[in-house]
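Take a look at the structure below.
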Amino acid sequence: MTLSWIAWAWIPLTLWAALAQTARNAAQRSLTAELGTLAATLVRFLYGLPLATAWVAGLTWSGAGSVPQFNGMYAAWLAMGALTQVGATAFLLLAMKERNFVLAVAYSKTEVLQVALFSAVLLHELPGTLALGAMGAATVGVVLLSLPPGGWRALGAGLAAAPGGGRGSSRLVVFGLASGACFALASVGFRGASLALADANAGVAPWVAGAWGVFWAQLLQSVVLGGWLLARQPGVASSIARAWRMSVVAGSMGAVASIAWFTAYAMRPAADVRTLGLVEVLFSYLVSRRVFRERLTRTEGVGLALVVAGLVGICAQW
């Protein structure tokens, strides 16, 4: 493993993670209608855990990586990432309950800029000028792609029309930004865990750090979210069991995506990885346009160009 290899390998890994996540989202979409959002979220972790376990076992038994030494710092970073990832979903649901899906998503997409902020404060990883420009361009592009048909005027009208007037609008903003913050903290937590593991195990391979990170995170998420749902909705277990076919697809693709994300975090700062990860928005958007054969509006064209510019800028660093 050489420095030059690490310098570029995070790019195809992140692209693969975004593609697998797009497939997982498609599978989860049908599960959400059948099981509810939180139960569909649990499926992502619960049904992905066997694949994550198999990946760890395969690496260990094949000799591709030995079992590393874990410590309290590693556990703290990993727990932060795993639990804030669950919290991000909860806040996004609360924002969506304010009856404006587009606004909720738009505010949550501030994740990339918040990753840069939290990485600088918690990990002392400061993005360069090019990286900051790429993050800003990609974030603005995603927001433009999230605009309703009426553009900025409709966005403002939607915010003003939130239930409860100004109070409802404030709740939507707070919940949306909190969702983006939790997603950002999750990425920083997983990056921090990989750095802590590298400190405790000199020369640990990125794929080993990624494999164990996914295993422990999904185990913790399955136990915490699963226990909470069982306590509040005792019948959820049988519902999840009945939907096993689509759940296996969603969980497996989710695990594949997570393994790639975590491995990329072991190679590159979280801000870079999450910025390039916005290619998922591009994948989803292009697929949607292809299926429905709709033409791009001028605003959407600008947004698409900004996302592409941001992706190219973040890759140009290496």
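The single condition from (1) modelled with pLDDT under 90; (2) over 10 Å from L172 (Cα atoms); (3) buried (at least 20 other Cβ atoms within 10 Å of the Cβ); (4) touching a Cys at 6+ places or on another chain (Cβ under 7 Å) that G87 fails is (3). Could you list, in sequence order, the residues of the stretch 38-50 that are buried (at least 16 other Cβ atoms within 10 Å of the Cβ) and in a helix (DSSP H, G or I)? Within the stretch 38-50, L38, A39, A40, T41, L42, V43, R44, F45, L46, L49 qualify. Residues in the stretch 19-33 that are under 12 Å from the mean Cα position of the chain (by Cα) and either of a type in the set (S, T, N, Q) or outside any helix (DSSP H, G or I) (or both): Q21, T22, N25. Residues in the stretch 229-273 that are under 16 Å from the mean Cα position of the chain (by Cα) and outside any helix (DSSP H, G or I): 3 in all.
Looking across V121, V115, V105, one residue alone is out of contact with any Phe, Trp or Tyr (no Cβ under 7 Å at 6 or more places or on another chain), modelled with pLDDT under 75 and β-branched (V, I, T). It is V105.
Okay, residues lined up against (1) under 29 Å from V208 (Cα atoms); (2) of a type outside the set (V, I, T); (3) modelled with pLDDT under 90:
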site: F262; (1), (2), (3): yes, yes, no
site: R268; (1), (2), (3): yes, yes, no
site: A271; (1), (2), (3): yes, yes, no
site: V287; (1), (2), (3): no, no, yes
site: R293; (1), (2), (3): no, yes, yes
site: E300; (1), (2), (3): no, yes, yes
site: W318; (1), (2), (3): yes, yes, yes
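For G65, the test of being in a helix (DSSP H, G or I) and not aliphatic (A, V, I, L, M) is failed.
Being farther than 24 Å from V236 by Cα and at pLDDT 85 or above, is that true of even one residue in the stretch 94-102? Looking for residues that are farther than 24 Å from V236 by Cα and at pLDDT 85 or above, one finds none in the stretch 94-102, hence no.
Filter the stretch 229-243 down to the residues that are surrounded by 12 or more Cβ atoms within 10 Å (Cβ to Cβ) and without any contact (Cβ under 8 Å) to a residue 40 or more places away in the chain, then identify the one that is nearest to L46 (Cα to Cα). Residue satisfying both the conditions and the ranking: A237. Among the residues of the stretch 165-184, the ones that are at positive phi and at pLDDT 50 or above come to 0 in all. For the stretch 189-221, the tally of residues that are of a type in the set (D, E, K, R), under 19 Å from L83 (Cα atoms) and surrounded by fewer than 24 Cβ atoms within 10 Å (Cβ to Cβ) stands at 0. Exactly one residue among G226, G141 is within 22 Å of the chain's Cα centre (by Cα) and at pLDDT below 90, and that residue is G141. The residues on offer are T14, T53, and the sole one that is buried (at least 22 other Cβ atoms within 10 Å of the Cβ), among the polar types (S, T, N, Q) and either under 19 Å from L278 (Cα atoms) or at pLDDT 95 or above (or both) is T14.
The values are calculated or read from the model by the stated rules, or taken from the named source; none is laboratory data. The model shown is predicted, which means the values in this text are computed figures rather than measured ones. In this analysis, Cβ positions are derived from the backbone assuming ideal geometry, glycine residues included, and neighbour counts consider all displayed protein chains.
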